[in-house]
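A.B. asks: Okay, handing you the structure first.
A short reminder: the numbers here are calculations on the coordinates, not readings from a lab. Keep in mind it's a predicted model, so treat the numbers as computed, not measured. All Cβ positions, even for glycine, are placed from backbone atoms using ideal geometry, and neighbour counts span all protein chains on display.
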Amino acid sequence: MSRNHLHVLVKDPGQWTVSLGGQHVTTSKSQAEAYQQALAKAEELGDAVIFVHDDEGELEFEETYP
């Protein structure tokens with residue numbers, strides 16, 4: 001089974017996005033808020049890998065859910 005891939009990325013200063021398979025899911029004011037929204041989406045999907053990027057686009061960490 002293929003896992004869902006969620007990405008937390010900065011769009012503009014003060015705007016962080018969560019995407020799923022390249023499609024926009026939501027926009028947040030902080031990386032932490034976007035991460036929480038990505039966790040909620042992963043819980044909804046039941047199976048996902050969350051990739052969290054820093055404000056320069058570099059991967060900070062990844063987390064597998066569950």
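A.B. asks: As an exercise: evaluate Val25 against (1) in a helix (DSSP H, G or I); (2) in contact with a strand residue (DSSP E or B) (Cβ under 7 Å, 6 or more places away or on another chain) and give the number of the one condition it does not meet.
C.D. replies: All conditions are met except number (1).
A.B. asks: Would you say His7 is free of Cβ contacts under 8 Å to residues at least 60 places away in the same chain, part of a strand (DSSP E or B) and exposed (fewer than 15 other Cβ atoms within 10 Å of the Cβ)? Steps first, please.
C.D. replies: On the way: free of Cβ contacts under 8 Å to residues at least 60 places away in the same chain: yes; part of a strand (DSSP E or B): yes; exposed (fewer than 15 other Cβ atoms within 10 Å of the Cβ): no.
So His7 fails the test.
A.B. asks: Suppose we keep only residues that are of a type in the set (Gly, Ala, Ser) and crowded, with 17+ Cβ neighbours inside 10 Å within the stretch 20-58. Which one would you say is nearest to the chain's Cα centre (by Cα)?
C.D. replies: Ala38
A.B. asks: Among the residues of the stretch 38-66, write down those that are of a type outside the set (D, E, K, R) and part of a helix (DSSP H, G or I).
C.D. replies: Hits for the stretch 38-66 are Ala38, Leu39, Ala40, Ala42, Leu45.
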